[in-house]
Amino acid sequence: MSLFLEDYHRGDAIALGTHLFTAESIKAFAAFYDPQPFHLDEAAAKSSVFGSLSASGWHTAAVWMKLMVAYELKLTTEILARGETPGRLGPSPGFRQMRFLKPVHAGDIIAYTTSVRATEPWPGRPKWGLLLSDNAGVNQRGETVFIFIGRVLVERRTPLAQK
Amino acid sequence: MLTFSAFPPGHTGTLPPKTVTRDEVLTFAREFDPQPMHLDEAAAAKSLLGGIAASGWHSCAMLMRMICDGFLLDTASMGSPGLEEVRWIKPVMPGDVLTATYTVKEARLSKSRPDMGVVRMFYEVMRQDGETVMTWDCTHFIGRHLVSGTGSPPYREPSRTAGKDGDPVPDTQSAAPPSP
């Protein structure tokens, strides 16, 4: 979404692509960041609440970011190729209402989406505004496994008038 | 091994410190968040963060590991339904030493699974100068009992549906994007 804040409209939706969660990648992520037995070991996972090896929720979330950044890069490249200037993305002050609705098991293929929820002013930064997004991951059975509301600063094409 | 009863409302603790290394910041960013502000010194110096900084998702992953090492690996953890809010307040830079505290805000039994407790936890992560860099308002599922020999609660068909135990779940339906 390397556009300016003014270019975002509620409901604009983007398919970010899919990601296969292999057992190896689930265990590799877990070993560094979330070494709970059900993320790390098939046998332990079988006797756990998850029933089989499952990805850390942070792994599921980090892959959303990976696909989002790839989309941004593609869009920025296209905008530059047209001879236009892309809007800059700033940092994120955080996110809200992240839900892990279903486990992501080894072998699952998750399709990620993002859509525009709203744009808001950001106090003290007239050249920037806050973009709120509704984000989701859906598995190959059509089950939504993960949702959250993203919040990120986006450059304005026209700065707000200072009070 | 800790069970639900070890996490009453008001219970607090600290997590083991974590030193943020440049290598780890770059490794995480290359795989999951390859934006210049996390990878490129020259570009990062011009960004709003003022220097190369860890991805916020990396900060989350680092806190998750601190929680695991602090108590969760010694707890009858049954996963998490999610987080109400994560705030990225200050950048986390290579060389920072992170410490964290946790406070139980609410603890109740699950309505759908009598063997499980629902623990709402607030985490605050500080860096070496005392500044708060990140907070989490997060929910843990924690077993009430252990099954002898397994070290974790027994498997049952999960009923991990939003709204049942991941409270409060305001607006969850409207948070889902329209089907493409």
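The values are calculated or read from the model by the stated rules, or taken from the named source; none is laboratory data. Everything numeric in this text was worked out from a predicted model, so none of it was measured. Note: ideal-geometry Cβ built from the backbone for every residue, glycine included; neighbour counts use all protein chains shown.
When A:Thr119 is tested against (1) within 14 Å of chain B (Cβ to nearest Cβ); (2) buried (at least 18 other Cβ atoms within 10 Å of the Cβ), just one condition goes unmet, and that condition is (1). All conditions but one from (1) surrounded by 19 or more Cβ atoms within 10 Å (Cβ to Cβ); (2) more than 9 Å from every other protein chain (Cβ to nearest Cβ) apply to A:Arg82; the one that does not is (1). Condition check for A:Pro35 on (1) over 28 Å from B:Trp136 (Cβ atoms); (2) facing chain B (nearest Cβ under 8 Å); (3) at pLDDT 95 or above: one failure, at (1).
Yes or no, residue by residue, for (1) without any contact (Cβ under 8 Å) to a residue 24 or more places away in the chain; (2) surrounded by fewer than 22 Cβ atoms within 10 Å (Cβ to Cβ); (3) touching a His at 6+ places or on another chain (Cβ under 9 Å):
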| residue | (1), (2), (3) |
| --- | --- |
| B:Met62 | no, no, no |
| B:Asp69 | no, yes, no |
| B:Leu73 | yes, yes, no |
| B:Ala76 | no, no, yes |
| B:Arg87 | no, yes, no |
| B:Lys90 | no, yes, no |
| B:Gly95 | no, yes, no |
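Scanning region A:122-150 for residues that are more than 9 Å from every other protein chain (Cβ to nearest Cβ) and touching a Gly at 6+ places or on another chain (Cβ under 6 Å), which turns out nearest to A:Ala62 (Cα to Cα)? By that ranking, first place goes to A:Val145.
Among residues of region B:99-124 that are under 12 Å from B:His11 (Cβ atoms), those with a beta-carbon under 6 Å from a residue that is acidic (Asp, Glu) at least six positions away or on a different chain give the pairs B:Thr101/B:Glu124; B:Arg120/B:Glu106; B:Phe122/B:Asp137.
Filtering region B:1-31 to residues that are of a type outside the set (D, E, K, R) and in a strand (DSSP E or B) leaves B:Leu2, B:Thr12, B:Gly13, B:Thr14, B:Leu15, B:Pro16, B:Pro17, B:Thr19.
Looking at A:Val138, A:Val69, which one is within 22 Å of B:Arg30 (Cβ to Cβ), of a type outside the set (Phe, Trp, Tyr) and buried (at least 18 other Cβ atoms within 10 Å of the Cβ)?
A:Val69
For region A:33-47, does any single residue satisfy the condition of being over 21 Å from the mean Cα position of the chain (by Cα), assigned to a helix (DSSP H, G or I), of a type in the set (Gly, Ala, Ser) and surrounded by 15 or more Cβ atoms within 10 Å (Cβ to Cβ)? Yes; the residues of region A:33-47 include at least one that is over 21 Å from the mean Cα position of the chain (by Cα), assigned to a helix (DSSP H, G or I), of a type in the set (Gly, Ala, Ser) and surrounded by 15 or more Cβ atoms within 10 Å (Cβ to Cβ).
Hey, can you tell me all the residues within region A:110-146 that are of a type in the set (D, E, K, R) and free of Cβ contacts under 8 Å to residues at least 40 places away in the same chain?
Within region A:110-146, A:Glu120, A:Arg125, A:Lys127, A:Asp134, A:Arg141 qualify.
Inspection of region A:123-135 identifies no residue that is within 25 Å of B:Glu31 (Cβ to Cβ), surrounded by fewer than 18 Cβ atoms within 10 Å (Cβ to Cβ) and in contact with a strand residue (DSSP E or B) (Cβ under 9 Å, 6 or more places away or on another chain). Residue-level check: of (1) at the interface with chain B (Cβ under 8 Å from one of its Cβ atoms); (2) in contact with a Leu (Cβ under 8 Å, 6 or more places away or on another chain); (3) crowded, with 16+ Cβ neighbours inside 10 Å, A:Pro93 misses just (3).
When region B:41-60 is examined, which residues are found to be outside any helix (DSSP H, G or I), crowded, with 22+ Cβ neighbours inside 10 Å and within 11 Å of chain A (Cβ to nearest Cβ)? Matches in region B:41-60: B:Ala53, B:Ser55.
This table checks each residue for (1) more than 22 Å from B:Met66 (Cα to Cα); (2) without any contact (Cβ under 8 Å) to a residue 24 or more places away in the chain; (3) not in a helix (DSSP H, G or I).
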{"residue": "A:Ser2", "(1), (2), (3)": "yes, no, yes"}
{"residue": "A:Ala31", "(1), (2), (3)": "no, yes, no"}
{"residue": "A:Glu72", "(1), (2), (3)": "yes, no, no"}
{"residue": "A:Thr77", "(1), (2), (3)": "yes, yes, no"}
{"residue": "A:Gly83", "(1), (2), (3)": "yes, yes, yes"}
{"residue": "A:Phe95", "(1), (2), (3)": "no, no, yes"}
